[in-house]
Amino acid sequence: MRGFLGVDVGSVSTNLVVIDEYGSVISLIYRRTQGQPISAVQQGLKELQKDLTPDIKIAGVGTTGSARYLSGVIVGADIVKNEITAHAIAASHVAPQVRTVLEIGGQDSKIILLRDGIVVDFAMNTVCAAGTGSFLDHQAARLGIPIEEFGSYALNATVPCQIAGRCSVFAESDMIHKQQMGYRMEDIIYGLCQALVRNYLNNLAKGKDLSSPIVFQGGVAANAGMKRAFEEALQMEIVIPEHYHVMGAIGAALLAKGTVRNGETRFKGFSVSSIDYRTRSFHCKGCENNCEIVKIQVDGKTLACWGGRCGKWEVQNPEEADLLVQASTTSSVM
Amino acid sequence: MCATIGVPQALLYYKYYPQWEAFLKGLGAEIVVSSATTKRTINAGTSLAENELCLPVKVFFGHLVELRNQVDALFVPRVVSVENGAYTCPKFLGLPDLARSIDSSLPSVLDPTFNRRLGRKKFYEALLDFGKHFTNKKYRILRAWMMGLSAQRVFQRKLESGLTPVEAIANAEVQTYKGNLKIGIAGHPYNIYDSYINLNLIKRLREWGVDVATTEMIPQRTLEHEASYLPKRLFWSYEKEVVGSVFHWLRNKSVDGIIYVLSFACGPDSLIQVLLESEAKRRGSLPLMSLVIDEHSGEAGMITRVEAFVDMLRWRKV
């Protein structure tokens, strides 16, 4: 049976999903990236291999997330796509009648409005990542609460307290202040959830017609406090899809399925989990810009580079990349 | 008498260079244009500039620094007003003074004043004053100015035929891009054509098979007419053009979506951003994305957003 692999390596989590020809999830892995995208992908692949039955053949791979280029080289991706597109595709696949998609990931948040399966409007957060998953993560660590229990704390709130959510720096000092004043932890945490929802709705949803069914996805959807805060703010029911936390990976897998069709995949196989990949960065000396170029190598041979402004390092095949890097190192010695 | 004049490839260069070139050459000057913006330009500019200044002005300073040892004087016109009843951004009004204040090692700054609000007589007096740096013959100065104006008309026609200012200045041919999507890019020319500060936006879009239209490619009359839908006339000329282009696209839908590029600390931009976003929402005809750039612009975040915008527009179409 053919399976399609989607890999979503984000700032907080690394997710791998295998879907079948009909787009149903056969297997999924959710693990923390912990700042090490390469080993996160490799460990994820190992777990996935154990989980899959031997009759499943990977026929296509898509990668997404902030480490999509890196993970694309490691697994051999057929398509590399940004996480926003991947999420939108996954949402309309699992809930074809959906009209509003709220998505909060590790570092980004977005809203997508669909009508009859077609995107009619969308917005994404700007550079500022206030109110996204990594901020919640940081706060949970600061309060000494496992992030998984954040939601249940929030649900136990009785008198949520007002937290300034406009900027995460202010939110943090506000929370510390409230703690010192003696507010209950539960009330502070739910107050934070409300602040984040307020921030989200003000930034992304202002003036938009949010109609149900509303789907809430992304890692932050695991937080029941956020769901409650959204429902209270919008006075509408919020649906959290079964695989809310790996929707990006599902989207990448669906994109791979659409790209490969009946062609050959570039998937390098599960054995890549035991290869020793190394990444290095260097400054290109080609012009005044001195771009920082990242190269990924195996046994001293370069597989790919990226990061330049002009695009000369972004070559498709590994041999060319290796030659480029060799040429640049000999010239800089001279 | 001045011999070699440095023209920074920044700010109003993208709007008036052909005119300035013909004018200065007509006066007998030799011109040195600074090279395109690089990381070094930005580093040099930001280290000299007040932190509160907008990125384009910081970039401009970087270009002045580059020209420092190559020229006898720097050409920094004081563009106060380019039409009746409207001004340019306050930073253009004070640009020569800003330039003089940043670094004492800079060559002298030549600052002809272009101010249409003072009437024809004053305008030409200022012109002749400036011309005296090169020649004492009045007719020569006026002839050079006329040459500038006609060069600008040729330039304007090239822009309207679909060339970007950079292409038009380089005498490039009009190319037909067979993209299956068309995006309108609105914004100040020094933001949308400086490929370093906007991370190669136009080239990237074209590589993705997207046709690009920009504010400069729309005739001035159209821009003026479209902007007049506002209940009150905007008193900044260049912002009025940006507003005019966005309104034009929202109305005739000749593009599939609009990207509005603005720089972080720009005062006028921050006001028209709200105006444009609310108007786009009200009319609901086209998606509009604002892209804010500053010297800390993260490549990853910006490319992701543009790529997603393009994907969504494609998806919307099918």
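The values are calculated or read from the model by the stated rules, or taken from the named source; none is laboratory data. It should be emphasised that the depicted structure is a prediction, and the values quoted were computed from it without experimental measurement. Note that we place each Cβ from the backbone using ideal geometry, even for glycine, and neighbour counts take in every protein chain shown. For accessibility, only protein heavy atoms count, side chains too; no ligands or nucleic acids. Shrake-Rupley method; radii C 1.70, N 1.55, O 1.52, S 1.80 Å.
The number of residues in the range B:87-107 being in a loop (DSSP other than H, G, I, E, B) and in contact (Cβ under 8 Å) with a residue 60 or more places away in the chain comes to 3.
For the range B:108-133, a residue qualifies if it is in contact (Cβ under 8 Å) with a residue 12 or more places away in the chain and not in a helix (DSSP H, G or I), and the qualifying residues are B:S108, B:V109, B:L110, B:D111, B:P112, B:T113, B:F114, B:N115, B:H133.
Among the listed residues A:K312, A:K268, A:K295, identify the single one that is over 26 Å from the mean Cα position of the chain (by Cα) and either on the phi > 0 side of the Ramachandran plot or not in a helix (DSSP H, G or I) (or both).
Only one candidate passes the filter, namely A:K312.
Where residues in the range A:271-292 are open to solvent by 80 Å² or more (accessible area, probe 1.4 Å) and not in a loop (DSSP other than H, G, I, E, B), which of them is nearest to A:I38 (Cα to Cα)? The residue in question is A:R278. Can you name every residue in the range B:2-30 that is part of a loop (DSSP other than H, G, I, E, B) and at negative phi? Of everything in the range B:2-30, those that are part of a loop (DSSP other than H, G, I, E, B) and at negative phi turn out to be B:C2, B:A3, B:P8, B:Q9, B:A10, B:L12, B:L27, B:A29.
Against the test of being open to solvent by less than 40 Å² (accessible area, probe 1.4 Å) and either at pLDDT 90 or above or aromatic (F, W, Y) (or both), the options A:S71, A:S92, A:S109, A:S152 yield a single qualifying residue, A:S71. Within the range B:303-317, being surrounded by 22 or more Cβ atoms within 10 Å (Cβ to Cβ), within 7 Å of chain A (Cβ to nearest Cβ) and touching a residue at least 24 places away in the same chain (Cβ under 8 Å) holds for one residue alone: B:M312. Among the residues making up the range A:24-51, those that are open to solvent by 10 Å² or more (accessible area, probe 1.4 Å) and touching a Lys or Arg at 6+ places or on another chain (Cβ under 8 Å) are A:Q43, A:E47.
Put simply, of A:L102, A:L114, A:L143 the only residue that is buried (at least 22 other Cβ atoms within 10 Å of the Cβ) and at pLDDT below 90 is A:L114. The residues of the range B:31-53 that are assigned to a loop (DSSP other than H, G, I, E, B) and open to solvent by 30 Å² or more (accessible area, probe 1.4 Å), listed by number, are B:S35, B:A36, B:E50, B:N51, B:E52.
Okay, residues lined up against (1) within 11 Å of chain A (Cβ to nearest Cβ); (2) in a strand (DSSP E or B); (3) among the small types (G, A, S); (4) farther than 27 Å from B:K58 by Cα:
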residue: B:F247; (1), (2), (3), (4): no, no, no, yes
residue: B:L250; (1), (2), (3), (4): no, no, no, yes
residue: B:S254; (1), (2), (3), (4): no, no, yes, yes
residue: B:I258; (1), (2), (3), (4): no, yes, no, no
residue: B:D269; (1), (2), (3), (4): no, no, no, no
residue: B:A280; (1), (2), (3), (4): yes, no, yes, yes
residue: B:V292; (1), (2), (3), (4): yes, yes, no, no
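Cβ-Cβ distances below 8 Å connect the following pairs, each with a first residue in the range B:243-260 that is open to solvent by less than 10 Å² (accessible area, probe 1.4 Å), a second residue that is of a type in the set (D, E), and a separation of six or more residues or different chains: B:V243/B:E226; B:G244/B:E224; B:G244/B:E226; B:S245/B:E226; B:V246/B:E279; B:F247/B:E226; B:F247/B:E279; B:L250/B:E279.
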